[in-house]
Amino acid sequence: MQEHFLSKARVDIFRPFTGRHRAVFFEVVTEIYERTLGVNADYDIVLDRPTLTEIIVDSLDKNRSLIFSGEDGDEELDGAGDDREYADKVRRRLKRFGMLEEYNDSSFLKVLWRFTPEGKRIAKMFADTRRKTSVARQRSVRACKGALKAFLEEGNHEYLVDAYEYASTIFDDVCQVSDLFTEHQRRIMGHSFSTSKDALAGYMLGVNDFDKRASRYFDSDNIYNHASDIVDLTESIAGMNPTTLEAADRKIVDEHPALEEEANGERLHTWMLARIRRVVESTRDIKHEGAASGRRRVLDQLRDPHRQTDQAERRRQRRSADQVRRHVRRCK
């Protein structure tokens, strides 16, 4: 029998998101997800306690006004003496209700913090509510790589499923640069200017703005720079202990039966790793290079406002010549 998501989650896992401090918890969890797996990912998938406290304090400082007044009080949080004490209480509550968990890092001999598998899914859901209003880098590339690395180190089947899901959105992330250009083009062409000088100035301002924003898609997080690492990780996973991989396959089958159907009899981890490699390699070899050349071509055209006019004039002249030839043939 398939195990339901909430049957594995801690009782009242959503409890931190109730009460007058609920919006702060939402912002804290979303920020932790974004800083480890999302748009502004600048930390590893696990965090030490000082770093976690820093993220919580920073989120509180930005969102203090979101604590609702006129509702029943929260004795534990309302009584916090300062921001760091508040952060400690937030961290303990998120652990108590199963959003975060401690992780003993044997290599560095210290305790680290990370999302539980269920907490990470909830945090991803929260973070997705921001995605439409954010200019995302190729976030799925980094997240896929992090999940594969975590599975290789720990063997937790949820990380392999996460990597597969992140890989499925890599192509969409890379294609966002096309949508970004369309948005800029529509905004530039739809604006009216009083003089030709103002029009040219506004046009070039739009070009420079596009160049600045589009460069986010070609920074160190892009598919081209991480594809080889992801492929190497899939090959390392394929060489793991067969017993570990078989156990992961059984758990994935129990919890995600739709994936077993898609695999069509192939060993599940083998099928998933092959799909991840195929998506990453094809996106790197085709779409990234095409997007980069397309970006250069677009910028070249935008920086020469007469070029498009000249091309349009040549097309008009060709159409006129074709019309003349057709007219001559009819006269004969």
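Only the coordinates and a few stated rules stand behind these numbers; no lab work does. These figures come from a predicted structure and were not determined experimentally. Cβ sites come from the backbone with ideal geometry, for glycine too, and all protein chains shown count toward neighbours.
Tabulated values for the structure
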| read-out | value |
| --- | --- |
| Amide H partners (placed H, <5 Å) of Asp48, local residues excluded | Trp113 |
| Zone of Ala23's modelled label, taken as backbone nitrogen in region 76-93 under 17 Å from a point 7 Å along Cα→Cβ | 78 |
| Theoretical FRET efficiency, 1/(1+(r/R0)^6), r = Cβ-Cβ of Glu76 and Leu152, R0 30 Å, to 0.05 | 0.20 |
| Residue-span extension gain [Asn63 to Ser282] - 0.36 nm each, minus C-alpha spacing | 74.7 nm |
| In nm, spacing of pseudo-spin labels at Glu165 and Phe14 (7 Å Cα→C-beta vector) | 1.7 nm |
| Arg96-Ser192 FRET efficiency (beta carbon distance; Förster radius 45 Å; 0.05 resolution) | 0.20 |
